[in-house]
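Report on the structure given below.
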Amino acid sequence: MTPILQPQSRVLSRRSFLVTTGGLGIAVAFGSVPDLASGAAMAPAAEGDFRPNAWITIGADGTVSIISPAVEMGQGITTTLPLLVAEELDADWSRVRVVQAPSDAETYGNPGFYGIQLTGGSESTRGYNALLRMTGAQTRLILLAGAAGMLNVPVSELETEPHRVLHPSSGRSLDYGEIAARALLPDPLPQATEADLKQSHRWRYIGSRTIQRIDVPSKVNGTAVFGIDVQLPDMLHGAVLRAPVQDERPETIDDAEARDVPGITHIVPLSYGVGIVGETVEATRRAKDLLNVTWSTTSRVRNYSSQRLLDEYRAVGRDFGQQGVPAHTNGDAEAAIAAATTVIEADYMSDHVAHATMEPMNATALVTGDRVEIWAPTQGPTGTQGFAAEVVGTTPDKVKVNTTLLGGGFGRKAEADFIIDAVSLAKAVEGRPVKVIWSREDDVRHDKFRPLEAQHVKVGLDAEGNIVGWRHRIVADSIFARTLPPVFEEAGGHDDVVTEGAKFNYTVPAHQIEYLRQDNGLAIGFWFAVGVGYTRFAIECVVDEIAAARGIDPVALRLELLKDQPRARKVIETVARMAEWDRARDGRGLGVAYSDAFGSHCAQVAEVSLNRDTGAIRVHKVWCAIDPGVAIQPLHIEAMMMTGITNGTGHALFEQINVIDGEVQESNFDTYRLIRMSEAPEIEVAVVPTPGSPFGGIGQAGLPPTGPAIANAVARLTGGVRLRHYPFTPERVKAALDT
Amino acid sequence: MSYAISVNGQIHHVEDDGQTPLLWVLRDTLKLTGTKYGCGVAQCGACTVHVDGTPTRSCTLPLEVAASARITTIESIEGVEAQAIRDAWVARDVPQCGFCQSGQIMSAVALLRTLKTPTDRDIDVAMSGNICRCATYNRIRAAIHDAAAQLGTAR
Ligand code: FES
Ligand code: FES
């Protein structure tokens, strides 16, 4: 790639984001470009591609390549982010090609997410949009400046339409490709400011219902390449036998039979298991089954039994003698509750759930000396570099990560265990790439589950039924203590993601949230919507409990608690209208729930029926109104809501991991039940953006309201039978009906 | 052992254990990676191929059995139903992560070849063996109806 301007002697800080190899960059979001060496005022454009910055390349044929800094796991982000660039660049979307970012956090890290490359937390659009829009706008200014020189007219007489610069008074115009190939550019380059961004009424792509996902065509003919599909010359396959209980180690390894399997080349003892390398997947699997390993028996996880622990957690939640770490304190909630006329108190709980991404954990690695190259479906290229470097004893900059498409992520592929497998085995067979694919059984058993948790909520009402104080105690282990210890320490032992969503936007005069960490050793992780998935379950059900205690309508109560919040009221009113909330249904109940998590407002109504003999719940339909602030791709937002709602239904009804004495009982889809086609509710989504509001996250926003909407519907259908424990298995439903 | 296996209209000679699941022969020997591994125990449908026209889980089909049949995979499924399904899938942006979609499409094409205008109930029966963790079920259902309607008009 030839830079359009000659290399500058002065090297700009990479942190300015937009410096290109040896070329000029434009600084965006971090101030203007420092003074450049003089004498480069107008430099000739070289033949070939024009790369005005690290994000955009324009070919002489006008093809615009835009880097997607976030990874694609089905959330559509490799369309969304480049689309924002194309919007401000005024590019023709049909002539845009999207390129996955290489592992380079200094250039492509998320400015809103610790500056690293980690796709998660519904943070991509929120973190990158300002930078990317400004980058597009600035590149457009550069093209305008270049065109001004070519047409010999002032820039002020020019405008753009998709992919062209126009000079209306003379009728002349230039394609972006022509400008990229031939323009002389001014130095310093023009700087974009907020004022150069398009006004929302001029958006061509943002909000369009005709923009489709760029990754879809390859996903209907088998050509999409996921991590599991990586094929490299000379590649070997690997498998790892893991300890049945977390943190145990192999003590004796009898690999005599395993070695005899044709095609097996290496047996690799690891600190946490035994690796097998061979010529085919099948050979490594057979050999894995033939290993005879005795394991250490010292892991404290052997004491981990989830149902017993959950009983303990609930007791901790109820025991106000045990103080937690304050997560949020506004006023003196306890004093207010002590003076209340009515007190509502309830425990909400959830079992562990597994990610079960459709593509199981896998990675391919090649180790050559101190260099590592990785091909993997990872959410976290930056973390991958660090962990791989540690395994090999090198530095992260010597690790190159090629991120493939992800067959689902949901937080699981932000972990590094599958990366470590591949790098460890590749290190043992240096010089040949090794692909490790986990079996589904290992994928489920060795997942980093959503936390097991119990919550105790205590709310005081005055004589008129107004909420005077709200206490929320969350009892669970910590995710950050394992994954980001410094963050955990700095927060004084509070875990922001485990308690995520407990802070709400309802108006209550006194609100206190506490976190009571339970350290029992089993690794837990980031699951779809993380903490919000259960905190909103408790909150939204308690709001309905309050409505029932006051004898008022749950929709009306929410609107009352959100008096000053027009966006919140809008989604609630919209969804109530869509569902015909006031129309009674024979044998069916409606329940409502709302969430403001991830910067988006989402309200849902679920319509359910119940088989009282079996305890089985059927969710017939869910209506959803979502205000994501700006709706970049409305069609895709609808899809993401369907994902959230359907999985929200599945996890509320079916998904359950049981751990007994440290051993995970479920292992494949016959024991870990995911929702299927015949059980998926009908869904109707209204996307109701609010002009002028910030970009909200949508990847996870659809899941949190579904479970409580179902529970609230069951309560209304049954005259007050409350389901307070995820999942609502038929046995639990029956037990609740019987009491 | 050596097996002659017919895949996508071509005969391939494969050296492998007869018990090896067809899935791994397709993916690793023939490099046809469009067919996915999701569970290995016929629970998820990600590995669905057509065996003599019937949608079949290749993860539990031993090579020695598959060798006597005509196998078709996502890479070369053709015909009016396949085209209609693919078009409908693209028009509705059905795939999200896409990992399950090869299997979904193979099941859906087989459904449309047997039933010209499947009902929701027919779709439930034909498609419930295919798990989608991204939960694209509603769009799959709509796309199958679209494809059926399109074929009906074309006919
Ligand atoms: S991989 Fe064959 S059905 Fe799941
Ligand atoms: S599209 Fe992701 S599993 Fe179906």
Condition check for A:Ser595: outside the structural domain of A:Gly120 (by TED's automatic domain parsing), small (Gly, Ala, Ser), at negative phi and surrounded by fewer than 19 Cβ atoms within 10 Å (Cβ to Cβ): no
Which residues, counting only those in region A:370-386, are open to solvent by 10 Å² or more (accessible area, probe 1.4 Å), out of contact with any Pro (no Cβ under 9 Å at 6 or more places or on another chain) and closer than 25 Å to A:Gly74 by Cβ? A:Gly383
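Of the residues A:Val468, A:Val475, A:Val444, A:Val457, which single one is outside the structural domain of A:Tyr672 (by TED's automatic domain parsing) and crowded, with 21+ Cβ neighbours inside 10 Å?
Of the residues listed, the single one that is outside the structural domain of A:Tyr672 (by TED's automatic domain parsing) and crowded, with 21+ Cβ neighbours inside 10 Å is A:Val444.
Out of A:Ala556, A:Ala579, I need the residue that is in the same structural domain as A:His725 (by TED's automatic domain parsing), crowded, with 17+ Cβ neighbours inside 10 Å and hydrophobic (A, V, I, L, M, F, W, C). Which one?
After ruling out the rest, the residue left standing is A:Ala579.
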Could you list, in sequence order, all residues of region A:391-436 that are under 19 Å from the mean Cα position of the chain (by Cα) and small (Gly, Ala, Ser)? A:Gly407, A:Gly408, A:Gly409, A:Gly411, A:Ala414, A:Ala416
How many residues are more than 16 Å from ligand 2 (Cβ to nearest atom), of a type outside the set (Asp, Glu) and open to solvent by 20 Å² or more (accessible area, probe 1.4 Å) if we restrict to region A:397-423? 6
Residue count, region B:62-105, condition more than 16 Å from ligand 1 (Cβ to nearest atom) and either modelled with pLDDT under 95 or of a type outside the set (Ser, Thr, Tyr) (or both), comes to 26
Looking across region B:116-132 at residues that are under 15 Å from B:Gln101 (Cα atoms) and open to solvent by 10 Å² or more (accessible area, probe 1.4 Å), the single one that is nearest to ligand 1 (Cβ to nearest atom) is B:Gly129
As an exercise: evaluate B:Ile105 against (1) more than 8 Å from chain A (Cβ to nearest Cβ); (2) assigned to a helix (DSSP H, G or I); (3) within 19 Å of A:Arg676 (Cβ to Cβ) and give the number of the one condition it does not meet. (1)
Taking A:Val392 as the residue in question, decide whether it is away from ligand 2 (no atom under 16 Å from the Cβ) and within 14 Å of chain B (Cβ to nearest Cβ). no
Quick one: count up the residues across region B:4-39 that are assigned to a strand (DSSP E or B) and either within 24 Å of A:Lys435 (Cα to Cα) or open to solvent by 10 Å² or more (accessible area, probe 1.4 Å) (or both). 9
Within region A:450-495, work out how many residues are in contact with a strand residue (DSSP E or B) (Cβ under 7 Å, 6 or more places away or on another chain) and of a type in the set (Asp, Glu). 4
Taking the options A:Ala711, A:Ala701, name whichever one is assigned to a helix (DSSP H, G or I) and touching a helix residue (DSSP H, G or I) at 6+ places or on another chain (Cβ under 7 Å). A:Ala711
Looking only at helices (runs of 4 or more DSSP H) that fall completely inside region A:267-375, which ones have 2 or more residues that are farther than 30 Å from A:Ala454 by Cα and within 16 Å of ligand 1 (Cβ to nearest atom)? A:281-290
Lone unmet requirement of (1) out of contact with any helix residue (DSSP H, G or I) (no Cβ under 8 Å at 6 or more places or on another chain); (2) open to solvent by 10 Å² or more (accessible area, probe 1.4 Å) for A:Phe113: (1)
Could you go through region B:40-49 and let me know if any residue there is open to solvent by less than 20 Å² (accessible area, probe 1.4 Å) and β-branched (Val, Ile, Thr). yes
Here are A:Leu232, A:Leu241: which of them is open to solvent by 30 Å² or more (accessible area, probe 1.4 Å), assigned to a strand (DSSP E or B) and in contact (Cβ under 8 Å) with a residue 24 or more places away in the chain? A:Leu241
Candidate set: region A:175-221, residues that are within 14 Å of chain B (Cβ to nearest Cβ) and open to solvent by 70 Å² or more (accessible area, probe 1.4 Å); chosen: the one farthest from A:Arg97 (Cα to Cα): A:Arg209
Filter the strands (runs of 3 or more DSSP E) completely within region A:376-465 down to those with at least 1 residues that are under 17 Å from B:Phe99 (Cβ atoms) and more than 16 Å from ligand 1 (Cβ to nearest atom). A:399-403, A:434-437
In region A:130-153, residues that are farther than 15 Å from A:Gly177 by Cβ, touching a Lys or Arg at 6+ places or on another chain (Cβ under 9 Å) and not basic (Lys, Arg) total 3
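Taking the conditions exactly as written (over 30 Å from A:Pro691 (Cβ atoms) and surrounded by 20 or more Cβ atoms within 10 Å (Cβ to Cβ)), does A:Val274 satisfy them or not? Spell out how you get there, then give the answer.
Values: over 30 Å from A:Pro691 (Cβ atoms): yes; surrounded by 20 or more Cβ atoms within 10 Å (Cβ to Cβ): yes.
Taking the combined requirement at face value, the residue satisfies it.
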In region B:121-155, anything in a loop (DSSP other than H, G, I, E, B) and either hydroxyl-bearing (Ser, Thr, Tyr) or over 15 Å from B:Met106 (Cβ atoms) (or both) is listed as B:Ser128, B:Arg133, B:Cys134, B:Ala135, B:Thr136, B:Arg155
Leading residue by the ranking (most open to solvent (accessible area, probe 1.4 Å)) among those in region B:56-78 that are within 14 Å of the chain's Cα centre (by Cα) and away from chain A (no Cβ under 14 Å): B:Arg70
Within region A:329-348, does at least one residue satisfy the condition of being within 14 Å of chain B (Cβ to nearest Cβ) and either under 24 Å from A:Leu270 (Cα atoms) or open to solvent by 70 Å² or more (accessible area, probe 1.4 Å) (or both)? no
Before we move on, is A:Pro486 at pLDDT below 95 and either under 30 Å from A:Ala336 (Cβ atoms) or open to solvent by 50 Å² or more (accessible area, probe 1.4 Å) (or both)? yes
Look through A:Arg558, A:Arg536, A:Arg482, A:Arg471 and report the one residue that is in contact (Cβ under 8 Å) with a residue 24 or more places away in the chain and not in a helix (DSSP H, G or I). A:Arg471
With more than 7 Å from every other protein chain (Cβ to nearest Cβ), in contact with a Pro (Cβ under 6 Å, 6 or more places away or on another chain) and more than 25 Å from A:Arg209 (Cβ to Cβ) as the only criterion, which of B:Ala154, B:Ala110, B:Ala126, B:Ala82 stands out? B:Ala110
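The values are calculated or read from the model by the stated rules, or taken from the named source; none is laboratory data. Treat the numbers as computed from the prediction; the structure is a model and nothing was measured. Neighbour counts run over all protein chains shown; Cβ positions are idealised from the backbone, glycine included. The area values use the complete protein model at the heavy-atom level, side chains included, leaving out ligands, DNA and RNA. Shrake-Rupley method; radii C 1.70, N 1.55, O 1.52, S 1.80 Å.
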